[in-house]
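Quick note: the coordinates plus some simple rules give every number you see, no bench work behind them. Only a predicted model underlies this, so the values are computations on that prediction, with no experimental measurement involved. Cβ coordinates were reconstructed from backbone atoms using ideal geometry, including for glycine residues, and neighbour counts include every protein chain displayed.
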Amino acid sequence: MKKVITGNQAVAYGVILSRVDVVSAYPITPQTTIVEELSELIASGRLKTIFLKVESEHSALAALVGASTGGVRCFTATSSHGLAYMHEMLHWACGARLPIVMVNVNRAIGPPWNIWSDQSDSLSQRDTGWIQLYCENNQEVLDTILQAYRIAEEVRLPVMVVLDAFVLSHTSEAVEIPSIEEVDSFLPPYCPDYLIDPQEPKAFSVITTPDYFMEFRFKIQRAMERVPEVAQKVNDEFKSHFGRGYGAIERFGKEDAEVLLITSGTVSSTSRMVIQGRLEKGCSVGGIKIKRFRPFPCKEIFGAIKGAKKIAIIDRSLSPGVGGIFAQELRSALYLQEEKPQVFGFISGLGGRDITPNLIEEAVQYTVDHDRPQEEILWLGLEK
Amino acid sequence: MTKQIAFKSASEMPEIAVSVGSMDWNKTGAWRTQRPFYEDKTPPCNAACPAGNDIVSFIQKIAQEDYEGAWHLIKEENPFPAICGRVCFHPCESKCNRRFFDEPIAIHALERFVADFAASQNKKVERMTEKGREKIAIIGSGPAGMSCAFHLAKLHYQVTVFESFSLAGGVLRFGIPSYRLSKDVLDRELWDIEALGVEIRTGISLSNPLRIGDLGDYQAIFIATGAHQSKGLSIPGEKGRGVYRGLDFLKKINLKERVKLGEKIAVIGGGNTAVDVARSVVRLGKKATILYRRSKEEMPAFEEEITEALEEGVKISYLVNPIRIHQKDGLKRLECLRMELGEKDESGRRRPVPIPNSNFSLEVENVIIAAGEEIEISHLPKGLERREGIVLTQRDGSTGIKGVFAGGDLTSNQRTVAHAIGSGKKAAIAIDCYLRGRDSEDAIRQLLVGEGPFLSILRYIHPDERPMNSHIVAFEELNMDYFEPAKREKEPKRRVKERGKEFKEVTFTLGEDAALEEAKRCFNCGTCNECENCYVFCPDGSILKGEALVHQVDYDFCKGCGICFTECPRGAISLREEGR
């Protein structure tokens with residue numbers, strides 16, 4: 001069934017179709033309508049899910065840590081300051097190996113106060129041990145939630161599904177909504193390996209001495225290393241069920257192009273258009289959309305950049321003192337490569353400023369025109 | 001601690017940091033420094049009930065839609081729920097903790113609902129088939145006498161009630177007008193007592209004064225002859241024609257006897273009798289003006305009665321004191337003085353002081369004096385001690401004469417139906433103790449909450465029932481986070497126009513839905529109603545719910561955080577320091 005729905009409604013459909021047992025969330029713009037949609041469905045009795053009202057995002061995730069330890073499928077959603085407030089519990093969910101799925105609607109972190117799209121919130125949580133998947137459109141949002149539970153429950157790691165504020169969250173698009181039966185055949189009920197059993201009480205996540213702590217961290221890393229393979233298997237199955245799929249990255253444009261443009265989220269849609277325009281003019285350009293930020297898809301990127309001399313990467317985030325976060329990750333990954341293309345790190349669209357086709361054009365032109373970037377950070381659309 | 005398990009490598013370790021074996025051995029309750037425990041406490045309504053009704057429990061029964069259970073509970077303590085639901089001055093409501101939040105629970109309305117529900121279902125108390133040999137005589141069939149008879153019958157005594165009047169009920173019969181208490185309701189609750197096996201002998205004149213020896217067949221006697229003598233005003237003209245006494249007037253009205261009345265009637269007094277008289281006068285188609293020597297604030301009649309009287313056209317003149325009644329051809333000139341309020345007197349009310357030369361006169365055709373009642377002493381047996389207008393008794397109702405007890409209005413200045421019921425119940429306990437050779441003072445002390453008035457006979461008959469806690473729950477001990485404001489249910493009233501000349505009941509019984517809503521407003525102060533807050537909030541899962549829905553704390557694992565104590569909305573959980 002096709003429906004014209006917003007990104008946030010697509011999230012709600014994803015949650016409903018995944019037969020989530022417990023939702024706990026605290027409202028924050030631009031995530032609010034997700035929670036509204038779900039809580040209304042639950043209150044009206046149409047959705048048999050437990051909704052836990054909480055007084056903060058920290059509690060929202062803490063409650064899910066409890067629920068998930070109890071062996072049920074859990075969901076929460078947040079944005080920006082709400083995500084920052086969850087920080088401690090983000091670590092906890094990963095450390096306790098709980099397959100919680102959360103949606104983060106990308107929003108700038110204040111001050112100055114700002115509610116618009118910016119990836120700084122989710123990217124600044126990159127070291128908490130959550131798998132991070134960025135979405136380009138509303139269909140991908142819904143589909144990614146279904147896939148996220150499969151991945152999370154297989155590797156026992158939490159997953160953050162990320163979408164842009166307003167550009168997706170509040171914009172309507174046609175979305176194919178699968179039937180619950182189809183989803184059931186793709187996503188089986190959650191069968192936890194460990195769960196609380198009152199008949200046999202056990203101590204969970206208790207103090208662990210230096211004798212063992214490192215081994216537990218090692219296991220988390222091992223689980224992360226399994227993600228590419230698991231995610232691909234899940235995506236393949238998804239494709240066979242629904243006829244659609246999404247890789248960790250997506251390569252488009254000319255093969256072995258000299259200049260490549262890397263983006264994530266909705267900016268990828270705009271860059272597809274710019275690249276198409278260039279190709280029509282006979283330029284040797286291509287593009288890469290990064291969907292999976294954690295674990296960072298090094299291998300997939302290496303395969304996709306063969307022959308490239310220069311890579312332009314547009315970041316919608318800033319790690320002050322360093323630059324764009326995607327650019328950092330890319331440079332660090334490329335260090336392992338024999339042949340290292342030049343990385344042009346652009347920063348644009350902070351706090352929801354539009355990243356227009358002209359700006360992207362400007363970035364591509366700059367990259368074509370220069371052998372190497374003239375500055376460490378290339379500001380795009382900034383009024384100096 | 002010794003290391004019992006040692007992993008050699010990551011591959012041997014579980015995926016998450018979880019204990020390998022059960023942690024059942026780790027009784028974390030050992031960390032506790034304070035101990036929560038379930039402790040029912042006494043709600044202020046119960047503590048304030050002179051009739052000893054277990055109010056909180058019967059309201060809980062209503063909330064569970066167990067109206068019959070509620071009725072049985074009340075009947076354990078009080079034979080007159082339908083009557084109390086109509087005429088009691090409900091001191092319980094003035095102590096209700098909900099008054100600090102919005103409005104007190106309409107307890108009287110709930111009691112009436114329960115009683116009328118039981119009547120509509122034809123519910124009866126169980127007849128006492130097994131009777132002991134001892135016989136008890138009760139003199140007077142008012143609320144004190146009948147309450148005593150009721151409880152003694154339930155204690156398996158052979159009870160005979162002697163009533164000089166032709167019908168039983170005492171002040172309930174002839175003192176309260178039918179528009180407040182219909183005679184059917186009175187008859188119904190009296191029949192219930194007779195059904196227990198109590199013999200009521202009406203129209204019986206015993207010797208005057210009573211000779212105890214005449215009742216030699218009886219092992220104990222309870223005298224509850226009330227206070228029916230209307231006090232006079234000691235003013236010139238009060239013995240004249242057309243001047244009546246309040247209670248005499250009400251008696252005639254209640255017996256449907258004709259009373260010769262003019263058009264304009266002055267009623268003197270400010271108590272319930274005065275208001276009852278004035279409202280009766282209005283129903284007879286005449287004009288009534290109440291003259292009261294203090295102001296509205298001091299008026300002892302119930303607020304609601306006054307409001308209804310005014311609705312019905314009764315006039316009230318405050319700060320007016322009659323000093324003389326002049327007779328003149330059937331018409332009377334009532335000479336009065338205007339008053340003002342001076343210093344407080346021993347009753348705590350401001351004393352009315354005459355304003356010099358403020359004399360004025362009212363033209364009326366009848367004067368009805370309702371300035372209080374006193375006991376009649378001529379029929380009392382010799383040897384009863386009296387002081388300040390009442391018969392003196394011990395706390396248990398015993399008099400100076402062996403085997404003779406007294407109660408009700410005869411022995412107290414707190415002359416309410418509820419106090420009379422309580423006093424009759426106390427005498428029943430005292431008589432049982434007397435005949436069983438027990439210490440009644442001691443027994444009664446154990447049944448009281450503090451100094452009373454609440455006294456439970458249920459706990460006398462069933463000593464294994466939990467005793468009433470002397471801890472009376474204060475508003476501050478409740479957790480208002482769990483309550484929302486809700487309007488107090490009002491009993492429907494007959495419209496003023498429809499009250500007419502008949503003495504039909506003015507107030508109607510609450511409907512079931514309204515009663516249920518009202519019962520659900522109750523905080524259940526100090527009484528667990530299984531709201532499950534403790535169970536939900538306990539972070540250690542240490543609240544155990546038994547089969548019989550009685551909660552218990554699992555002290556093996558309770559760490560004494562006190563959250564259950566804090567989150568209990570009604571103060572039914574206590575916390576004490578753990579003994580070391």
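A few points about this structure:
- For chain A, calculated [θ]222 nm from helices alone, where every DSSP H run of n ≥ 4 adds -39500 (n - 2.57): -12500 deg cm²/dmol
- Pair A:H370, A:D211: separation of 7 Å Cα→Cβ label points (nm): 5.6
- Inter-label distance, nm, simple model (7 Å from Cα along the C-beta direction), B:K131/B:A6: 8.8
- What the Cα atoms of the stretch A:109-161 give is an Rg and a Dmax of 13.1, 40 Å.
- When you restrict to C-alpha pairs under 8 Å that are six or more residues apart and normalise by the size of chain B, the relative contact order lands at 22 percent.
- Contour minus Cα-Cα distance for B:E238 and B:S120 (0.36 nm per residue): 37.8 nm
- B:R333-B:K286 FRET efficiency (beta carbon distance; Förster radius 25 Å; 0.05 resolution): 0.85
- Selection from A:G321, A:F302, A:L261 lying farthest towards where the dipole of the stretch A:249-379 points positive, charges on Cβ: A:F302
- Dipole orientation for the stretch A:249-379: of the candidates A:I290, A:G349, A:L334, A:I290 has the Cα lying most toward the positive pole (charges on Cβ; Lys, Arg +1; Asp, Glu -1).
- Sorting B:75-86, B:411-422, A:338-349, B:496-507 by average packing, meaning the other beta carbons within 10 Å per residue, from highest down gives B:75-86, B:411-422, A:338-349, B:496-507.
- Overall form of the stretch A:249-379 per C-alpha gyration tensor (a/c, 1.5; a/b vs b/c): rounded
- Here the residues B:M468, A:M1, ranked from fewest to most Cβ neighbours within 10 Å of their Cβ, fall in the order A:M1, B:M468.
- Charged-residue dipole, Cβ positions (Lys, Arg, Asp, Glu), the stretch B:262-369 about Cα centre, Debye nearest 20: 420
- If you plug the beta carbon distance of B:F475 and A:E88 into 1/(1 + (r/R0)^6) with R0 = 30 Å, you get a FRET efficiency near 0.15.
- For the peptide B:8-15, the mean number of other protein chain Cβ atoms found within 10 angstrom of a residue's Cβ is 4.
- Peptide A:207-216 has a mean shielding of 3, counted as Cβ atoms of other protein chains within 10 Å of each residue's Cβ.
- Nearest 10 degrees, 0 to 90: helix A:32-43 Cα axis against chain A principal axis: 30
- Residue among B:G21, A:H91, B:L155 farthest towards the positive dipole end of the protein assembly as shown, charges placed on Cβ: B:L155
- Listed by Cβ neighbour count within 10 Å, with the fewest neighbours leading, B:R436, A:R353 appear as B:R436, A:R353.
- Sites B:E578 and B:R258, calculated FRET efficiency, Cβ-Cβ separation with R0 56 Å, nearest 0.05: 0.15
- The stretch B:262-369: relative contact order as a whole-number percent, Cα under 8 Å and 6+ apart: 29
- Screening chain B for whole DSSP H helices of 15 Å or more along their axis (Cα) with average Kyte-Doolittle hydropathy at least 0.0 returns B:107-120, B:143-154, B:272-283, B:417-436.
- Highest mean packing comes first when the peptides A:196-207, B:334-345 are listed by Cβ atoms within 10 Å, giving B:334-345, A:196-207.
- For the protein assembly as shown, the normalised intensity computed at q = 0.04 Å⁻¹ comes to -0.38 (log10 of I(q)/I(0), Debye sum over alpha carbons, equal scatterers, no solvent).
- Label-point separation, B:N413 to B:E385 (7 Å along Cα→Cβ), nm: 1.8
- Contact order relative to length of the stretch A:1-53, as percent, for alpha carbon pairs under 8 angstrom and 6 or more apart: 43
- Relative exposure of B:D24, B:D540, B:D481, B:D409, judged by other C-beta atoms within 10 Å (fewest first): B:D481, B:D24, B:D540, B:D409
- Per residue, chain B reaches -8000 deg cm²/dmol at 222 nm when only DSSP H runs of four or more residues are counted, each adding -39500 (n - 2.57).
- Percent of beta bridges antiparallel (DSSP, the protein assembly as shown, rounded to nearest 5): 40
- Looking at chain B, the DSSP beta bridges with both ends there are about 50 percent antiparallel.
- Full extension of the chain segment joining A:K202 with A:E250 gains 12.9 nm, where the gain is 0.36 nm per residue of separation less the Cα-Cα distance.
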